[in-house]
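Have a look at the structure below before the remarks.
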Amino acid sequence: MNKRKVKILLFLCALVSVLFVGCYSNNCPLNNIVTCNYSFYDAEGNAIIYTDTITVTTLKPGYKTVYVYRKLGEPTVTKNYQDIELVNQGYTETKMSQRNDTVLLNRAYDQSNISIPMSYFNNVDTLIFSYGQIALKDTIKIYHYSYPHVELPECGTYRFHTLRNIEASDAAIDHIEISNPQVGYEGNENVKIYFNGVIE
């Protein structure tokens, strides 16, 4: 093999290496989960740890069918599908419609903040906060719009959000406010929840 062919071969190898290296990037964010971050405060504005349990559900449009099974002396069982085995064991079956809710956070406790995902295609998210020691629930409505965000082409596209307005009921919440309207994957506080005197 003459020198000219060796040089061309080396050049082609170097070119292929550069192309492969150019397609790889370690600049993509490692924490790339987009969530709205809520921090907890008392009514006077002091950061707190909320000691009660909190479950957060979101309202999705429409209803779903559930099957409720009851038998004397046994706990009630609710399933998303028909269970003939329970009927054969003597349970009565009742078909019911339920709101199509989704649990986003289940029984968190001793929290100073929580992170909740946001919908991509709705302009309003409705969150229901349920508490362990309070019978009433709080409803939070978040008005926002979503847009695609590209850090680098090789990292893919994410959906970021801009908060426009927020409102809440007052079972355990004194008031609520937006602290940073830009929701991304940086982990910054977006919403401040000020709880009333229910907390310790």
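The values are calculated or read from the model by the stated rules, or taken from the named source; none is laboratory data. Quick caveat: nothing in here was measured; it's all calculated off a predicted structure. In case anyone asks, the SASA skips ligands and DNA or RNA and just uses the protein heavy atoms, side chains included. Shrake-Rupley method; radii C 1.70, N 1.55, O 1.52, S 1.80 Å.
Would you mind getting the accessible area per residue of segment 62-181, heavy atoms of the protein chains only, 1.4 Å probe, in Å²?
62 Å²
For segment 42-152, with all protein chains present and a 1.4 Å probe, just round the carbon and sulfur fraction of the accessible area to a whole percent.
C and S fraction of accessible area: 49 percent.
Going through the cross-link list Lys137/Lys192; Lys141/Lys192; Lys64/Lys95; Lys71/Lys95; Lys64/Lys192; Lys79/Lys137, which pairs have a Cα-Cα distance over 21 Å in this structure?
Those over the limit are Lys64/Lys192; Lys79/Lys137.
Taking the Cα atoms of segment 47-200, what is the range of coordinates along each of the three principal axes, in descending order and whole Å?
Principal-axis extents of the Cα atoms in segment 47-200, largest first: 57, 45, 23 Å.
Could you state the per residue volume, in Å³, of the convex hull enclosing the Cα atoms of segment 52-108?
Normalising the Cα hull of segment 52-108 by residue number yields 99 Å³.
What are the radius of gyration and Dmax of segment 85-130, computed over its Cα atoms and given in Å?
When restricted to the Cα atoms of segment 85-130, Rg and Dmax are 17.4, 48 Å.
Along the principal axes of its C-alpha atoms, what lengths does segment 125-197 span, in descending order and rounded to whole Å?
The principal-axis extents, from largest down, are 48, 21, 18 Å.
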